[in-house]
Amino acid sequence: SAKRAALGFAWYSEAQEAARLGHLNLLSDLRLAVATSQLQMWLQPKFSLVTGSAVGAEALVRWQHPTRGFVSPAEFVPFAEQTGYITLVTDWMLDQALHTLAIWQTSHPELSIAVNVSTRDLQDKDFAQRVVKKLTASRVPAHSLRLEITESGLMNDAQHSISLLHALREIGMPLSIDDFGTGYSSLAYLQQMPVSELKIDRSFIDGVDTQPGTQKLVKAMIEMGHGLDMTVTAEGVETEAERATIIRLGCDVIQGYLTGRPLHGVALQAWFDGLPT
Ligand code: C2E
Ligand code: CA
Ligand code: CA
Ligand code: CA
């Protein structure tokens, strides 16, 4: 059985090695992907629950790999974060978002675009400067670009996050706390973060209409967000019943498949252009 264990081990490490090589390939591919426009920026619209109007969109990366086909961000973003390649993706998405916002300045100046920023980006001490440089070059007003940072990312090194957020906020850029409810926030830190939007994680919205316990949690999150002068957004709303519930609980903004799936940036732009202004 020692032999079997050894064989088992050999098989296991071979499989592991294959997986590792697969990811290494994926990562060198990712560098190429950024350079050869295999990445796409998709946009998911967000709507005010008060006025019903669109308030903006969240930018979501899509990777059309030449041989692997579509690679989901859930698959490659975590690896890109571990290796630091995510900063290439962030830079690329910031450029795309600013390009689209520059066009919207004439047609829809009221709409903002939110770009997802990873903890890896936050570790770069020049991150705020990197963003300012791009913003200045694009001539897009700072208030049109929003940055989304996950609750766990912010709390990971809260002292550092607070100073970086203040630097970004000073430029006039709105900031959002993403996946709220999953990241063990320190409320003392949360109060010191200049964040204007709280996005309740999708896991709390899924089935919220049928779960009284979850409704209490969501209500408490909304009240806390409002207490800190934040706009509260519900993510991942899929049904009319979920929408009715979050409205009743006092939520401000809705994002989800019910009101709009992510679309290629160009397609969403065309859709916004068709809206009455
Ligand atoms: P996220 O930031 O929480 O983004 C929302 C995710 O929920 C998106 O998945 C979106 O397509 C999905 N979604 C929206 N509405 C619904 C709904 O009603 N039901 C369901 N089931 N899902 C909904 P996506 O695009 O696959 O992205 C997954 C995650 O990958 C994102 O979660 C984010 O953490 C990361 N990600 C995506 N794009 C980027 C990026 O450009 N940079 C970074 N750093 N991360 C990104
Ligand atoms: Ca997000
Ligand atoms: Ca989220
Ligand atoms: Ca659901």
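The values are calculated or read from the model by the stated rules, or taken from the named source; none is laboratory data. Predicted, not measured: the structure shown is a model, and the values here were computed from it. Positions of Cβ are generated from backbone atoms using ideal geometry, with glycine treated the same way; all protein chains shown enter the neighbour counts.
Regarding segment 183-192, can at least one residue be identified that is under 22 Å from Gly84 (Cβ atoms) and within 15 Å of ligand 1 (Cβ to nearest atom)? Lay out the reasoning, then the answer.
Taking segment 183-192 as the starting set, the residues that turn out to be under 22 Å from Gly84 (Cβ atoms) are 183.
Those left that are additionally within 15 Å of ligand 1 (Cβ to nearest atom): 183.
Yes, there is a match, as at least one residue in segment 183-192 is under 22 Å from Gly84 (Cβ atoms) and within 15 Å of ligand 1 (Cβ to nearest atom).
Give Thr106, Thr100 a once-over and let me know the one that is assigned to a helix (DSSP H, G or I) and in contact (Cβ under 8 Å) with a residue 60 or more places away in the chain. Walk me through how you get there before you give the answer.
Values: Thr106 fails: in contact (Cβ under 8 Å) with a residue 60 or more places away in the chain.
Thr100 is the lone residue from the list that is assigned to a helix (DSSP H, G or I) and in contact (Cβ under 8 Å) with a residue 60 or more places away in the chain.
Read through the list (1) out of contact with any Ser or Thr (no Cβ under 8 Å at 6 or more places or on another chain); (2) polar (S, T, N, Q); (3) within 16 Å of ligand 4 (Cβ to nearest atom), then give the number of the only condition that Ser185 fails.
Single failed check for Ser185: (3).
If I ask for residues that are within 16 Å of ligand 3 (Cβ to nearest atom) and either of a type in the set (Lys, Arg) or at pLDDT below 95 (or both), which ones from segment 130-148 would you list?
Filtering segment 130-148 down to residues within 16 Å of ligand 3 (Cβ to nearest atom) leaves 146-148.
Arg146, the sole residue that qualifies.
Given the criteria of a type in the set (Gly, Ala, Ser), in contact with a strand residue (DSSP E or B) (Cβ under 9 Å, 6 or more places away or on another chain) and either within 15 Å of ligand 3 (Cβ to nearest atom) or on the phi < 0 side of the Ramachandran plot (or both), does Gly227 qualify? Outline the logic, then answer.
Details: of a type in the set (Gly, Ala, Ser): yes; in contact with a strand residue (DSSP E or B) (Cβ under 9 Å, 6 or more places away or on another chain): no; either within 15 Å of ligand 3 (Cβ to nearest atom) or on the phi < 0 side of the Ramachandran plot (or both): yes.
When the stated conditions are applied, Gly227 does not pass them.
For segment 203-215, give me the residue count where each residue is within 15 Å of ligand 1 (Cβ to nearest atom) and out of contact with any strand residue (DSSP E or B) (no Cβ under 6 Å at 6 or more places or on another chain). Spell out the reasoning first.
Pass one, segment 203-215, residues within 15 Å of ligand 1 (Cβ to nearest atom): 203-209.
Among the residues that remain, those that are also out of contact with any strand residue (DSSP E or B) (no Cβ under 6 Å at 6 or more places or on another chain) are: 203-204, 206-209.
Adding up the residues that qualify gives 6.
Taking the stated definitions as given, is His99 out of contact with any Leu (no Cβ under 6 Å at 6 or more places or on another chain) and surrounded by fewer than 17 Cβ atoms within 10 Å (Cβ to Cβ)? Show your work before the answer.
Values: out of contact with any Leu (no Cβ under 6 Å at 6 or more places or on another chain): yes; surrounded by fewer than 17 Cβ atoms within 10 Å (Cβ to Cβ): yes.
So His99 passes the test.
Have a look at Leu111, Leu39, Leu60 and point out the one that is aliphatic (A, V, I, L, M) and more than 15 Å from Pro262 (Cβ to Cβ). Let's see the steps before the verdict.
On the way: Leu39 fails: more than 15 Å from Pro262 (Cβ to Cβ); Leu60 fails: more than 15 Å from Pro262 (Cβ to Cβ).
Among Leu111, Leu39, Leu60, only Leu111 is aliphatic (A, V, I, L, M) and more than 15 Å from Pro262 (Cβ to Cβ).
Give segment 216-244 a look and list any residue that's within 15 Å of ligand 1 (Cβ to nearest atom), closer than 28 Å to Ala188 by Cβ and of a type in the set (S, T, N, Q), or say none.
Thr233
So for segment 60-72 (the condition being closer than 17 Å to Leu147 by Cβ, at pLDDT 85 or above and surrounded by 18 or more Cβ atoms within 10 Å (Cβ to Cβ)), does at least one residue qualify? So that I can check it myself, show each step before the final result.
Narrowing segment 60-72 to residues closer than 17 Å to Leu147 by Cβ: 60-61.
Next, only the ones that are at pLDDT 85 or above stay: 60-61.
If we keep only those that are surrounded by 18 or more Cβ atoms within 10 Å (Cβ to Cβ) too, we end up with 60-61.
Within segment 60-72, one or more residues are closer than 17 Å to Leu147 by Cβ, at pLDDT 85 or above and surrounded by 18 or more Cβ atoms within 10 Å (Cβ to Cβ).
Looking for whichever is farther than 19 Å from Phe47 by Cα and part of a helix (DSSP H, G or I) here; the options are Leu190, Leu268. Which one fits?
On the way: Leu268 fails: farther than 19 Å from Phe47 by Cα.
Every option except Leu190 fails the conditions.
Does Ala158 fit the bill of being aliphatic (A, V, I, L, M) and within 20 Å of Leu98 (Cα to Cα)?
Numbers: aliphatic (A, V, I, L, M): yes; within 20 Å of Leu98 (Cα to Cα): no.
No; evaluated as a whole, the condition is false for this residue.
Could you tell me whether any residue of segment 117-134 is surrounded by 20 or more Cβ atoms within 10 Å (Cβ to Cβ) and assigned to a strand (DSSP E or B)?
The answer is yes; a qualifying residue exists.
Of everything in segment 167-176 that's under 19 Å from Asn156 (Cβ atoms) and touching a residue at least 40 places away in the same chain (Cβ under 8 Å), which residue is farthest from ligand 1 (Cβ to nearest atom)?
Going through the qualifying residues, I end up with Leu168.
For segment 203-250, which positions are part of a helix (DSSP H, G or I), more than 16 Å from ligand 4 (Cβ to nearest atom) and closer than 26 Å to Gln192 by Cβ? Outline the logic, then answer.
Here is the first cut: in segment 203-250, the ones part of a helix (DSSP H, G or I) are 203-205, 208-210, 212-227, 240-248.
Then drop every residue that is not more than 16 Å from ligand 4 (Cβ to nearest atom), which leaves 212-213, 216-217, 219-227, 247-248.
Correct list: Leu217, Lys219, Ala220, Met221, Ile222, Glu223, Met224, Gly225, His226, Gly227.
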